[in-house]
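These notes are about the structure you will find just below.
No lab work stands behind these numbers, since they all come straight from the coordinates. Treat the numbers as computed from the prediction; the structure is a model and nothing was measured. Cβ placement follows ideal geometry from the backbone for every residue including glycine, while neighbour counts extend to all protein chains displayed.
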Amino acid sequence: MKNKISTVVFIVMEIFLVAYMIMLFTAPLRTFNINFGRIYTVESKEKADNILSVIRENNMQALEPHFATNIENIEIGLARLNDFFTQNSLIYEQLVDVSFESFSSIIGEQESFRRTNFVYAITLEQGYGILYIDIAETNDRIEIITLRIDPLENPMGERHRFYGMPMNSTRVFFLLFSFALMLFIMYTEFDYYKRIKNRRIWLQIIMPISVIAFSINWNTLLLNISALTFNITPISLFSPGIMGEWTFTIHLPIVAILYWVVFRKKIMTKERNNLKSEHVA
């Protein structure tokens with residue numbers, strides 16, 4: 001019965017590793033469709049839309065009464081933004097991220113509020129940019145907290161292109177190493193199932209577990225090494241949002257490595273000794 005369960009576990013683990021590798025490298029091809037309407041309020045979105053209309057009309061000074069009163073030098077900042085958009089008009093905008101924070105006072109001494117952060121990927125007459133709009137809502141008013149633009153040479157969407165990045169030696173190495181790592185774990189599972197008679201099912205399951213991670217920002221190629229990072233899958237891809245940069249992480253499968261370095265020889269030696277003892281008896 002135990003051998004049958006071990007066989008099932010082996011098949012499941014091999015199928016899981018193959019399916020996971022396919023899913024992993026097709027994930028960047030997915031189209032993100034996020035419903036931001038569940039995050040912002042109707043009032044805050046109307047305020048953001050009004051700001052975009054004012055930007056197109058090149059009348060930034062009209063926003064001055066709508067800013068929070070504790071923000072200084074509003075006139076200077078709006079004049080600079082007005083000059084920027086006058087010389088480089090807004091052509092198109094896309095809402096790419098929304099987040100919020102809220103505070104509810106339970107003692108009445110502080111005013112409750114909700115702050116919503118809108119991030120737009122914008123196309124200008126000359127170039128591209130990211131537009132940040134922060135709006136605060138209280139019981140009796142809606143105010144603008146932040147209005148900022150970061151110009152970009154390339155579209156913001158390029159930050160989300162995993163396969164569109166140039167395949168230099170670093171990216172090629174990570175891809176080839178990841179494939180080799182997956183094949184190594186699959187072969188380790190096969191070797192353990194084929195050569196070891198008294199198999200431990202729990203060892204078959206935890207074979208991909210890792211403790212050290214090598215993470216690389218796929219866009220900037222910045223490398224980060226993390227120790228004692230337990231993970232059940234040897235490779236992971238992560239993007240924080242619809243236009244976020246991809247992080248590619250390779251996890252070293254410590255259990256599979258220990259199997260070849262320590263466990264395999266000891267287990268096979270023990271099984272041979274047991275077999276000799278049975279023949280002597």
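Using the Cα gyration tensor of the stretch 162-208, with a ≥ b ≥ c the square roots of its eigenvalues, what is the shape: rounded (a/c below 1.5), prolate (a/b larger than b/c) or oblate (neither)?
Details: a/c = 5.63, a/b = 3.44, b/c = 1.64.
Prolate, since a/c reaches 1.5 and a/b exceeds b/c.
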Query - Extreme residue, positive dipole direction of the stretch 44-116, given options Ile91, Asn50, Ile71 (C-beta unit charges) - result: Ile91
Report summary line: Restricting to aspartates and glutamates and to Cα separations under 14 Å from Lys197, and discarding same-chain partners fewer than 8 apart, the set is Glu189, Glu271
Requested in this report: Provide the per-residue ³J(HN,Hα) series for the stretch 193-210, in order, calculated from phi with Karplus coefficients 6.51, -1.76, 1.60 and θ = phi - 60°, each as a whole number of Hz, with x at glycine and proline positions.
Outcome: 5, 7, 9, 9, 7, 8, 7, 9, 4, 5, 6, 4, 6, 8, 4, x, 4, 10
Requested in this report: Find how much the distance from Glu46 to Thr123 grows on full extension, using 0.36 nm per residue of separation minus their present alpha carbon separation; answer in nm with one decimal.
Outcome: 25.6 nm
**Report entry** Rounded to whole Hz, the Karplus (6.51, -1.76, 1.60) HN-Hα couplings of the stretch 143-155, x for glycine and proline
**Finding:** 10, 8, 9, 9, 9, 9, 10, 10, x, 10, 7, 10, x
Query raised in the report: At what distance in nm do the modelled label points of Phe103 and Asp150 sit from each other, each positioned 7 Å from its Cα along Cα→Cβ?
Result: 2.5
Report task. Quote to one decimal, in nm, the extra length available between Arg80 and Thr7 on full extension: 0.36 nm per residue of separation minus the C-alpha distance between them. Result -> 19.3 nm
Query raised in the report: If you work out percent of Cα pairs over 26 Å apart from the coordinates, which of (1) 62; (2) 45; (3) 52 do you get?
Result: (1)
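Using Cβ counts within 10 Å as a stand-in for footprinting exposure, how do Arg38, Arg148 rank, fewest first?
On the way: Arg38 7, Arg148 12.
Ordered from fewest to most neighbouring Cβ atoms within 10 Å, Arg38, Arg148 come out as Arg38, Arg148.
Which order, highest average first, do 67-80, 112-125, 252-265 follow once you tally other Cβ atoms within 10 Å for each residue and take the mean per peptide? Before the final figure, lay out the partial values.
Details: 67-80: 12.4, 112-125: 18.7, 252-265: 15.8.
The densest-packed peptide leads the list: 112-125, 252-265, 67-80.
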Query - Spin-label zone in the stretch 137-174 - amide nitrogen under 11 Å from a point set 7 Å from the Cα of Gln61 along the C-beta vector - result: none
Report summary line: Under the 7 Å Cα-to-Cβ spin-label approximation, Arg171 and Thr26 lie apart by a distance in nanometres of 2.2
